[in-house]
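The values are calculated or read from the model by the stated rules, or taken from the named source; none is laboratory data. If you're wondering where the values come from, they're calculated on a predicted model, not measured in any experiment. Every residue, glycine among them, receives a Cβ derived from its backbone with ideal geometry; neighbour counts consider all protein chains shown.
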Amino acid sequence: MADGLNLEKNHMNVKPRGPSLFRFAAPQMFYPLAGRLAPWFAAAALVLTAIGMWLSFFVAPTDATQGEVYRVIFIHVPAAWMSMFIYLVMAFWAAVGLVMNTRLSFVMSQALAPTGAMFCFVALWTGALWGKPTWGAYWVWDARLTSQLLLLFLYFGFIALTRAIEDPRRADRAGAIIALVGAVNVPIIYFSVKWWNTLHQGASVSLTKAPSMAATMLAGMLVMAFAAWAYTLAVTLWRVRPMILERERHTEWVGEVLDRERGRG
Amino acid sequence: MQWESWSAFWDMGGAGAFVWGSYGVTFALVALELVLVMQRRKDTVKRLLRWRRAVGKDGSGRLGAAQLESEQ
């Protein structure tokens, strides 16, 4: 709390007005908040991962048809969910940035992209390692797999484009357009197993049907999904902080943050 | 408990390479991402401190200001 209070005192003239939640839309408010929250999310991710791994390997039973290799799903499914969800959140922040012209929104969407790409790759990688013993192939050009691969390329495209354009305002806008156009692919991935006759199995968890797997398997998968959420929040908040400093380097509050950093070492 | 022994656990019913290959790569990537994020923070702070010195924002000279500004 000390950080935030100091900043407020020193910057009465730039203190944003309005409802308390929107206060944090201002970079100088959000920067210390992100720094305070990230370690808690990281700790939550660590605890949830430990519980999730224990459920996945020591509680969940052997699958009747797939044997032990099915245990890959405890990371495969959460990673695939995360890769789609992060892309939608990126598109959301891109839209907010375009409509409200808020710089922090674009930065948020760019801070999310590498983690989204990581989960997307993990989903493809674990899927391949599961596919070989189960389907007899690491890869097939099935609708689900192909649209997920397209998602990975969209992530790469977004990252490459926003880094290649030097003018941050133009980079923000170009990135936002890829994020928004690419978001169309997410429902295609999600529903591909219904729309096309795919080799990939249907949704593992559905809100409308009773779960088709053992309760302990479902629990393991959900705990790992929460771990992935907490991890994403922590790593994104850590990544966005230096990005904010970079963008706001001309301001006085960044000067003060940097002075403190220099004092520290 | 699902496993009769530790070797049965590592073997994963013969699918050890696939299961551990999945978990291993995932955790390696997570570790790599964390290292890169921490590294980036250090680099950014260092670069911005240099930039501030160069543009004279900390009141200690204005060497090569234009150069560093365009570097950003």
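So that you can scan it fast, the table gives a plain yes or no per residue for (1) under 22 Å from A:A45 (Cβ atoms); (2) at pLDDT 95 or above; (3) more than 11 Å from the chain's Cα centre (by Cα):
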| position | (1), (2), (3) |
| --- | --- |
| A:T65 | no, no, yes |
| A:H76 | yes, yes, yes |
| A:W81 | yes, yes, no |
| A:I86 | yes, yes, no |
| A:M100 | no, no, yes |
| A:R103 | no, no, yes |
| A:S109 | yes, yes, no |
| A:A113 | yes, yes, no |
| A:T126 | yes, yes, yes |
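Among the residues of region A:61-90, those that are aliphatic (A, V, I, L, M), under 30 Å from A:G175 (Cβ atoms) and within 11 Å of chain B (Cβ to nearest Cβ) comprise A:I75, A:A79. In the set (1) part of a helix (DSSP H, G or I); (2) more than 12 Å from chain B (Cβ to nearest Cβ); (3) without any contact (Cβ under 8 Å) to a residue 12 or more places away in the chain, A:F58 fails one condition alone, (2). Do the conditions hold for A:P114, that is, is it surrounded by fewer than 22 Cβ atoms within 10 Å (Cβ to Cβ), in contact (Cβ under 8 Å) with a residue 40 or more places away in the chain, farther than 24 Å from A:Y31 by Cα and not charged (D, E, K, R)? It is false that A:P114 is surrounded by fewer than 22 Cβ atoms within 10 Å (Cβ to Cβ), in contact (Cβ under 8 Å) with a residue 40 or more places away in the chain, farther than 24 Å from A:Y31 by Cα and not charged (D, E, K, R). The set of residues in region A:212-265 that are in a helix (DSSP H, G or I) and of a type in the set (G, A, S) comprises A:A215, A:A219, A:G220, A:A225, A:A227, A:A228, A:A230, A:A234, A:G255, A:G263. Checking every residue in region A:179-193 against the condition of being outside any helix (DSSP H, G or I), more than 14 Å from A:Y31 (Cα to Cα) and within 12 Å of another protein chain (Cβ to nearest Cβ) gives zero matches. Could you grab me the full set of residues in region A:79-103 that are over 23 Å from A:F226 (Cβ atoms), of a type outside the set (V, I, T) and either surrounded by fewer than 22 Cβ atoms within 10 Å (Cβ to Cβ) or in contact with a strand residue (DSSP E or B) (Cβ under 8 Å, 6 or more places away or on another chain) (or both)? Listed by number, the residues that qualify are A:A95, A:L98, A:M100, A:N101, A:R103.
With respect to B:W20, determine if the residue is out of contact with any strand residue (DSSP E or B) (no Cβ under 6 Å at 6 or more places or on another chain), at pLDDT below 95 and in a helix (DSSP H, G or I).
Criteria not met by B:W20.
Filter region B:23-60 down to residues that are assigned to a helix (DSSP H, G or I) and either in contact (Cβ under 8 Å) with a residue 40 or more places away in the chain or acidic (D, E) (or both) and give me whichever is nearest to the other protein chains (Cβ to nearest Cβ).
If we take residues in region B:23-60 being assigned to a helix (DSSP H, G or I) and either in contact (Cβ under 8 Å) with a residue 40 or more places away in the chain or acidic (D, E) (or both), then B:E33 is nearest to the other protein chains (Cβ to nearest Cβ).
Rundown of residues vs (1) of a type in the set (A, V, I, L, M, F, W, C); (2) touching a helix residue (DSSP H, G or I) at 6+ places or on another chain (Cβ under 9 Å); (3) on the phi > 0 side of the Ramachandran plot; (4) not in a helix (DSSP H, G or I), yes/no style:
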site: A:H76; (1), (2), (3), (4): no, yes, no, no
site: A:M90; (1), (2), (3), (4): yes, yes, no, no
site: A:W139; (1), (2), (3), (4): yes, yes, no, yes
site: A:L154; (1), (2), (3), (4): yes, yes, no, no
